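Just so it is clear, none of the values below were taken in a lab; they were calculated from the coordinates. Predicted model, so just to flag it, every value in this text is computed and none were measured. As a convention, Cβ positions derive from the backbone with ideal geometry for all residues, glycine included, and neighbour counts pool all protein chains shown.
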Amino acid sequence: MKIRNTLSAAVIGLASIGSQAMAADSAEPIVIPTHNWSSQVVMAYVIGGIFESLGDTVEYVPADSQAVYEAIRIGDVTISHEVWQSTFGASFYNAMAKGGIIDAGTHSAATLEEMGVPQYVIDDNLCPGLPNWEALKNCPEVFATADSEGKGRWLEGPQSWHGDLMPTRLAALGLSDQYVVKFAGGADAIWAELASAKKEGRGIITFNWTPNFTDAEGFAFIEFPPYTDGCRVADGGDGACGSPKGWLKKAANYKFPKTHPAAYSAFSKIDFSSTDIGQMAALVDIDGMSHQDAATKWLADHEDVWKPFVE
Amino acid sequence: MDTSFFTKHRKLSQFGILLIAFFALVILVKPNEANVLWRFPSLLASLPGIINDFAENLMFNWFPIQVYDPHIEEYEEVALLRELTRGFSRGVLFMIEFIREILIGGVKTIVAFTSWEFVRENPWAAWPAVPWTVVAGGAAILGYALNGRNLALLAGAATVYISVFGQWHPAMETLSFVLVAAPISVLLGLLFGILSYKSHAVEAILAPLLNIAQTMPHFSYLVPVTVFFGLGDHAGAIATIIFATPPMIRLTLLGLKKVPVEVVEAGLMNGSNDRQILFKVLVPTARRDILIGVNQVIMQCLAMAVIASFIGAKGLGFNLLLALNQLRIGQALELGICIVLIAVVLDKLSLAFANKQTDYFADLSFVERHKYMLLFAGFFVGCIALALLGRLIFQDGINYLYLVPHNKGITTELFWQSGVDWMVDNWYAGLQGFNRGLIVNVLQPMKNAYLAMPVSATFLLVMGIGYIIGGIRSALIVGGLLLFIALTEWWDRALITMYMASFSVIISVTIGLIVGSVCAQYTFASKAALLVCDTLQTFPSFIYLIPVIMLFGVTDTSVLIAVIIYATIPAVRYTIEGIRNVPASLKEAGMMSGATAFQRWVKIDIPLAFPHIMLGVNQTVIFALFMVIIGAMIGTDDLGQYILKALSDKQGIGNGLMLGLCVAFIGLAVDHLINTWASQRKNALGLS
Amino acid sequence: MPTPSETTPNEPVIKCQSVYKIFGENADKMLRAANGNVDAAKFQEAGCVVGVNDASFEVYKGEMLVVMGLSGSGKSTLLRCISRLTETTAGNIHIDGQDLLAMNNKQLIELRRNKMGMVFQSFALLPHKTVLENIAFPLQIKGISTRDAMKRAMEMVELVSLDGRQNYFPRQLSGGQQQRVGIARSLAVEPDIWFLDEPFSALDPLIRKEMQDEFLRLQGVLNKTILFVTHDFAEALRLADRIAIMKDGVIEQIDTPANIVLNPATEYVSKFTEEVPREKVLKIKSVMDPITDETDFSDLTISGDAIIETVAEAVLAQTKPVRVMDKDNNIIGSVHCDKMIHILFGKDDDAQAGA
């Protein structure tokens, strides 16, 4: 232990000697987190590629998508480039309240995080009237599962994503007698259920978002009564409303603008549209490329999109 | 008649009375949150917040020191402890990266001795990766040097598999992290094992800590580890060390305690000093148990490969999560096999290293003495040449003789994928009836029954069982452990965890007893079954979660199937070991007295193997609890889901640790009851 | 106290004076209060166990003292006091004139490394080391180079006739072979003092006999000062120069085998001696007549160390007295066939008369 500390002290010492001159960006690597879904990983490599084009050093570190905000706050990770409002909003704001993390702007991608059904549910007319939510009243049995006691089941993400939002919505819409909410453990579980349902042509209602790889196969979001400010129970409303068009934010450690001014300037300008994100994900999920290769290809093919960020 | 029944079956009658009282309470106490007999008030509800504040204070406010940050040219206040833990982290990270860069190249080691500027300004300053053929050949030569041809073949084949299947890069990342975490765990385990052997005080302090560390789900300390040590390979390694060291400590202590007094006396009479007694007599003599400890450390390290990637460990684990998220089960399976292969090869190499014999009288020439080093050197040069040649052959494409890039190797993915598709196509419909029946007729009633238990009835039952088994002391221990849980806000969650764990333990133990007993009759079957157990123990359970969800949906059935697959491992293993260790003379005696195979099993095998089997049951409980928590990844509403949620909570540290303790305490309570009972039976059978 | 005739140097190698070993928390206090008069039963009540009770004796160079007693008699405890594997509660122990109990750890280690060797009942071999490595162990502990240690160990392997098995592990050897390793290990550093704690008790009877013969052969060559612990009276008679018989921590009698057989000091001792067929245990020298002026001897000579039984027939065939010789071929006594008839068939008191 002693040796190790001495050693690391030496390492710290050595590392800090060289970094006196601060002409432009520090040579210290920018740490970009990778999570376990394709678009995020490809975008990590895309943004990494953009930073590298500025002469910066980049390092990727796998991280849990919830725990990462604490890491950014402390400075172990420099940025996060996909902060989804409804899934990570809570973690992001919790970390921000403690200090150390800054909001680095919003992508223009219009995101929606909402309950929905695979396109074939609509096409095969399994529940006539969908995607309007009122149609749900007439066909709970289409969405029943082994453990739902005859009711239709809403497959929601883990409780860490939006707490009791969906159960309260069910109650507010008067669907409680016909539907129950089941919290899945993670995205994997949702994808597995979707894949299995698709094989059988079974009906399924699940939480999903766009842009996502499911866009390619077709996924229809249910049209709930439109979101208005304060309509949610948590905000004092009755809860009988759908999700708002969500934002997709970027976050950074508070030191990032000072240590890497050029990179930060580019990062704050970075703005991907739903199309961009969809393309990145498709290179991996549809074309079967590796994440790095997909990023390289995307950067090569879409200089028009990202060159403006670095100018 | 009545009295004689009571005196003869005193414990049985006590148990009967206990059950009657239990049901009376269940019927009499009405659900009402205000009723203390129904649910205890959550007096400990503020404890997570306190723990959280304490940890954050320690980490961010306590003893601030001024540290100059050259990047922003400012002095910053940093808490002393954080500087220290980060220093430690950097040390661990340095070691991981040093090994990693030997294998796959990089600049971090050079940076450690110069600076990032230096590396940026001098593009030549990067360590090149060695060709994969060098590592494969090196592994084979090492295997040959340690244990001859078979190990050479195994080590060589495993490395070739990893490379050819295009998992070289992540596999070497995982390997470098294991090569740091495992030795540190072994050394720490030895150190604390020896300290507990030498001092009863240390043993007494460590014992409960070890119990908790081994029963606490690792998800629950992921957040504290990231806060204290940061995010990255080092954090993964540290979480792994926390997880892998306790069994090493335990087995070291166990081994040392088993060293016969006379062997120590012989060492003393040979004039050994304290150090020599320890390292030349005690530790080597305890080596059998210590080597089991090393084996466990390696298994645990690779079992953590996936979880460690939650907090920054690069390598196979992270790629596996990524593949699963794309539902690429075939790829995940190949990654899982790589993890198992690394575990098996490391285990065999370490075992062979420990068993290596020296020939003292062989009068060897320089070449003979260093033949393996020379062979490796020759091989090294050859492989470099081959890699250069490869550069000519694959001029523009990928130089397969140097490095097969990630996911560019051959793959059997399509085969597995279509296997899973076939399974879903053909089995789904058939399994729905079973799934529905199980959920409606068994699982939901069972879950509801657990939730309908008044807290007073639960305590009566559990403490009563404790009293019947181990007297007032056991009753108090078990009661105390449960009281902690009952006073948190999560008692209902804990009941659900208990329901899932108890259901799967019942099934797992039944399967384990039957499969284990059958396999134990044949040497070959026993070996095969133990091999399967080893494989399943390191094979990442995440992989089979996905097909299970496809077949059974996000339901308790899926969770329980995953739990049963995992928890049956110790049940089978300990049953086989227990029965095979029943002395042959007793089995023969049974045969001579004309017992049928079944009678022999019931009257001889099972009773005599009983204490060992009970240890297996104990492990089954621990494994089941562990997997119920991982089952949160499928979707549960028990403690596990809350632990997962703690990853993003404001009070993540406190909640995570408290929830972890709740799970640990359930495990410890069962552990205490089973151990007390087993040791009594052991005494009664004269086996101790 | 008689001493064997062939070795009577001035300074004893091992000297014990009023050695006490009492187990238990208040041992020291209780012992001081008892003022040298230890009553085992009283101590037991107070939670103390008396291991060794007032043991005093001396062992001389080249002598073999066998401590004999049943289990719980304190014989192994006594041995452990003298090897200081256990701390003595009270008394004095001197090894070669040095105060053993006053030695510090370093001195003790030096003493053990150079002067002491010990053999254990359960062999106590290191399971992870081969035969050769086990035997070389004490040498390596001393810091002798691997090369020399292995050379010396190989000589020891040959001494105990295990050549060819030097690379076996203990688990691959029979009990007798394992104990040969134990013996070789204890002799590797050429100690002056040799402790043996029931070395042959764990072996079956045939092997035990063979090992005893082997042991006598070795002692014939090495001539060590030996403290040998056993619970087997026959073994004690067979090997010992002198025997100390222990019961409940007390040495009941300490004397030559012949004197113990012929004159048991206590009732307890006589329980062992009663059944002993003396012609099978006694040596000629313990029953021979002193040399008189007579010169008319038979041509036959017998060794004083011969067991009576082995030479009885030859002596009975002679009409004249037979001369008894020592190792160096000096006449030390004579035996007449009449005497032999008395020994073999006569009553106790007749035999005694001849002693």
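Could you pull out every one of the lysines with an alpha carbon less than 28 Å from that of B:K408, ignoring same-chain neighbours closer than 8 positions?
Of all the lysines, those that pass the test against B:K408 - Cα under 28 Å, at least 8 places apart if same chain - are A:K297, B:K108, B:K314.
Would you please give the FRET efficiency between B:R288 and B:S42, computed as 1/(1 + (r/R0)^6) with r the Cβ-Cβ distance and R0 = 45 Å, to the nearest 0.05? Numbers along the way, then the final one.
Details: r = 48 Å, r/R0 = 1.06.
With a Förster radius of 45 Å, E is 0.40.
When you take every Cα atom in the stretch B:51-119, what is the radius of gyration, and what is Dmax, the widest Cα pair distance, in Å?
15.6, 43
On the first, second and third principal axes, largest extent first, how far apart are the outermost C-alpha atoms of chain C in Å?
62, 57, 38
Does the stretch A:111-246 come out rounded, prolate or oblate, given a ≥ b ≥ c as the square roots of the eigenvalues of its C-alpha gyration tensor, rounded meaning a/c under 1.5 and, failing that, prolate meaning a/b above b/c? Show your work: numbers first, answer last.
Numbers: a/c = 1.43, a/b = 1.28, b/c = 1.11.
The shape class here is rounded.
Largest first and to the nearest Å, give the Cα extent of the stretch B:339-484 along each principal axis.
So the three principal-axis extents are 76, 56, 26 Å.
Taking H as built 1.01 Å from N, whose amide H comes closer than 5 Å to the amide H of C:S303, not counting residues under 5 places away?
It is C:M325, by chain and number.
For a footprinting-style exposure proxy, rank A:V117, B:V617 by other Cβ within 10 Å, fewest first. Intermediate results must be reported in sequence, preceding the final value.
Numbers: A:V117 26, B:V617 23.
Neighbour counts put them in this order, fewest first: B:V617, A:V117.
Across peptide B:405-411, what mean number of C-beta atoms from other chains lies inside 10 Å of a residue's C-beta? Please report the intermediate quantities before stating the final value.
Numbers: counts 3, 4, 6, 2, 0, 0, 0.
Average per residue, whole number: 2.
Would you mind pulling out the separation of the Cα centroids of the stretch C:158-205 and the stretch B:211-228, in Å?
Their Cα centres are 51 Å away from one another.
Using only Cα atoms, what Kirkwood radius does the stretch B:1-123 have, in angstroms? Working shown, then result.
Values: mean 1/r = 0.0456 Å⁻¹.
Computed over Cα pairs of the stretch B:1-123, the Kirkwood hydrodynamic radius comes out at 21.9 Å.
Looking only at Cα atoms, what is the convex hull volume of the protein assembly as shown per residue, in Å³? Intermediate results must be reported in sequence, preceding the final value.
Values: hull volume 327.5 nm³, N = 1354.
Each residue corresponds to 242 Å³ of Cα convex hull volume.
For peptide B:323-332, what's the mean number of Cβ atoms from other chains within 10 Å of each residue's Cβ? Show your work: numbers first, answer last.
On the way: counts 1, 7, 12, 10, 7, 2, 2, 0, 0, 0.
For peptide B:323-332, the averaged partner shielding equals 4.
What cysteines in the protein assembly as shown have no other cysteine with a beta carbon less than 4.7 Å from their beta carbon?
Within the protein assembly as shown, the cysteines lacking a partner Cβ under 4.7 Å are B:C301, B:C338, B:C383, B:C519, B:C533, B:C662, C:C16, C:C48, C:C81, C:C337.
Under a Cβ-only charge scheme (Lys and Arg +1, Asp and Glu -1), can you give me the dipole magnitude of the stretch C:101-234 about the Cα centre, in debye to the nearest 20? Intermediate values should be presented prior to the final figure.
On the way: 17 positive and 15 negative charges, 94 e Å.
For the stretch C:101-234, the charge dipole is close to 460 debye.
Rounded to the nearest 500, what is chain B's calculated 222 nm mean residue ellipticity when only DSSP H runs of at least 4 contribute -39500 (n - 2.57) each, over all residues? If you can, show how the numbers build up before the last one.
Values: 31 runs with 506 residues, N = 688.
Mean residue ellipticity, 222 nm, calculated: -24500 deg cm²/dmol.
Pop a pseudo-label 7 angstrom from the Cα along the beta-carbon direction at both B:I398 and C:K151 and give the gap in nm to one decimal.
6.0
Among rounded, prolate and oblate, which fits the stretch C:252-312 when a ≥ b ≥ c are the square roots of the eigenvalues of its C-alpha gyration tensor, a/c under 1.5 means rounded, and a/b larger than b/c means prolate?
Prolate shape, in that a/c is at least 1.5 and a/b is the bigger ratio.
Can you give the convex hull volume per residue for the Cα atoms of the stretch B:169-329, as a whole number of Å³? Could the numbers behind the result be given before it?
Values: hull volume 19.7 nm³, N = 161.
About 122 Å³ per residue, rounded to a whole number.
Along Cα→Cβ, 7 Å out, is where each label goes; now give me the distance between the ones at A:D287 and B:L374 in nm to one decimal.
Reported label-point gap for A:D287 and B:L374 is 5.3 nm.
Picking from C:V49, C:A124, B:L625, whose Cα lies most toward the positive end of the charge dipole for the protein assembly as shown (charges on Cβ: Lys, Arg +1; Asp, Glu -1)?
About the Cα centre, the residue reaching furthest to the positive side is C:V49.
Please give the charge dipole size of the protein assembly as shown, origin at the Cα centre, charges +1 on K and R Cβ atoms and -1 on D and E Cβ atoms. Round to the nearest 20 debye.
Values: 102 positive and 130 negative charges, 318 e Å.
Charge dipole, the protein assembly as shown, about its Cα centre: 1520 debye, nearest 20.
Along its principal axes, what span do the Cα atoms of chain A show, with the longest given first and each in whole Å?
70, 40, 40
Just to check I understand the Karplus step: with θ = phi - 60° and J = 6.51 cos²θ - 1.76 cosθ + 1.60, what whole-Hz values come out for the stretch B:583-598, glycine and proline as x?
3J(HN,Hα) across the stretch B:583-598, in whole Hz: x, 4, 4, 5, 5, 5, 4, x, 5, 5, 7, x, 6, 6, 4, 5.
Taking θ = phi - 60°, what integer Hz values does the Karplus form 6.51 cos²θ - 1.76 cosθ + 1.60 yield along the stretch B:602-612, in sequence order, with x for Gly and Pro?
6, 8, 10, 4, 5, x, 6, 7, 3, x, 5
Quick one: if the Förster radius is 56 Å, what FRET efficiency do C:E25 and B:T596 give, using the C-beta to C-beta distance and rounding to 0.05?
Numbers: r = 56 Å, r/R0 = 0.99.
Once rounded, the FRET efficiency stands at 0.50.
If each residue of separation counts as 0.36 nm, what is the full-extension length gain between B:L153 and B:K11 once their alpha-carbon separation is subtracted?
Details: separation 142, 0.36 × 142 = 51.12 nm, distance 5.71 nm.
Answer, rounded to one decimal: 45.4 nm.
Show which lysines lie in cross-link reach of B:K11 when reach means a straight Cα distance below 21 angstrom and same-chain residues fewer than eight apart are skipped.
Filter leaves B:K682.
Within the protein assembly as shown, what percent of beta bridges assigned by DSSP are antiparallel, to the nearest 5? Spell out each step's value before the answer.
Details: 51 of 86 bridges.
For the protein assembly as shown, the DSSP antiparallel bridge percentage is about 60.
How would you classify the stretch B:84-203 from its alpha-carbon gyration tensor, with a ≥ b ≥ c the square roots of the eigenvalues: rounded for a/c under 1.5, else prolate if a/b is greater than b/c, otherwise oblate? Write down the numbers at each step before the final one.
Numbers: a/c = 2.93, a/b = 1.12, b/c = 2.62.
Oblate, since a/c reaches 1.5 and b/c is not below a/b.
Among B:Y522, A:Y60, B:Y402, which comes first, second and so on when ranked by fewest other beta-carbon atoms within 10 Å?
On the way: B:Y522 11, A:Y60 19, B:Y402 22.
With the sparsest Cβ surroundings first, the list reads B:Y522, A:Y60, B:Y402.
Compute, for the stretch B:51-119, the length of the dipole vector about the Cα centre, with Cβ point charges of +1 (Lys, Arg) and -1 (Asp, Glu) only. Units Debye, rounded to 20. Don't jump to the answer; show the numbers that get you there.
Values: 5 positive and 11 negative charges, 93 e Å.
It works out to roughly 440 debye.
Which far-off residues, 5 or more places away or on another chain, put their amide H under 5 Å from the one on C:V66, with H placed in the peptide plane?
Here the answer is C:F228, C:D241, C:R242, C:I243, C:A244, since their amide H atoms fall under 5 Å of that of C:V66.
So what's the stretch C:280-354 giving for Rg/Rh, alpha carbon basis, Kirkwood Rh from the mean inverse pair distance?
Working: Rg = 11.3 Å, Rh = 12.2 Å.
Taking Rh as the inverse mean 1/r over Cα pairs, Rg/Rh reads 0.93.
Quick check: pseudo-label points 7 Å beyond the Cα along Cα→Cβ at B:Q432 and B:A452, how many nm apart are they?
Calculated label separation equals 2.9 nm.
Equivalent ellipsoid semi-axes for chain B, as square roots of 5 times the alpha carbon gyration tensor eigenvalues: give them largest first, rounded to whole Å.
Details: eigenvalues 394, 215, 165 Å².
The three semi-axes for chain B are 44, 33, 29 Å.
Any idea what angle helix C:105-115 forms with the longest principal axis of chain C, computed on alpha-carbon atoms, 0 to 90 degrees, nearest 10?
Once rounded, one gets 40 degrees.
Would you be so kind as to identify which of B:L551, B:V602, B:P583 lies farthest towards the positive end of the dipole of the stretch B:536-627, taking Lys and Arg as +1 and Asp and Glu as -1 on Cβ and the Cα centre as origin?
Working it through, the farthest residue towards the positive pole turns out to be B:P583.
Among A:D229, A:D103, C:D54, rank each residue by its count of other Cβ atoms within 10 Å, from fewest to most, as a rough exposure measure. Numbers along the way, then the final one.
Working: A:D229 8, A:D103 14, C:D54 18.
Arranged by neighbour count, lowest to highest, A:D229, A:D103, C:D54 become A:D229, A:D103, C:D54.
Once the Cβ-Cβ distance between B:D425 and B:D492 is put in as r, and R0 is 41 Å, what FRET efficiency do you end up with, to the nearest 0.05?
Values: r = 39 Å, r/R0 = 0.95.
The value I calculate is 0.60.
When DSSP assigns beta bridges and you keep just the ones with both residues in chain A, what percent turn out antiparallel, to the nearest 5?
Numbers: 19 of 32 bridges.
Counting DSSP beta bridges with both partners in chain A, the antiparallel share is about 60 percent.
Once you average over the residues of B:423-433, how many Cβ atoms of partner chains fall within 10 Å of each Cβ?
On the way: counts 0, 6, 2, 0, 0, 5, 1, 0, 1, 3, 1.
For this peptide, the per-residue mean of nearby foreign Cβ atoms is 2.
What list of ³J(HN,Hα) couplings, whole Hz, do you get for the stretch B:645-657 from phi and the Karplus terms 6.51, -1.76, 1.60, once you set θ to phi - 60° and write x for glycine and proline?
Those phi angles translate into 5, 4, 4, 10, 5, 5, 9, x, 4, x, 4, x, 5 Hz.
Given A:L126, B:M658, C:I141, which one lies farthest toward the positive end of the charge dipole of the protein assembly as shown, if we put +1 on the Cβ of every Lys and Arg and -1 on the Cβ of every Asp and Glu?
Of A:L126, B:M658, C:I141, it is C:I141.
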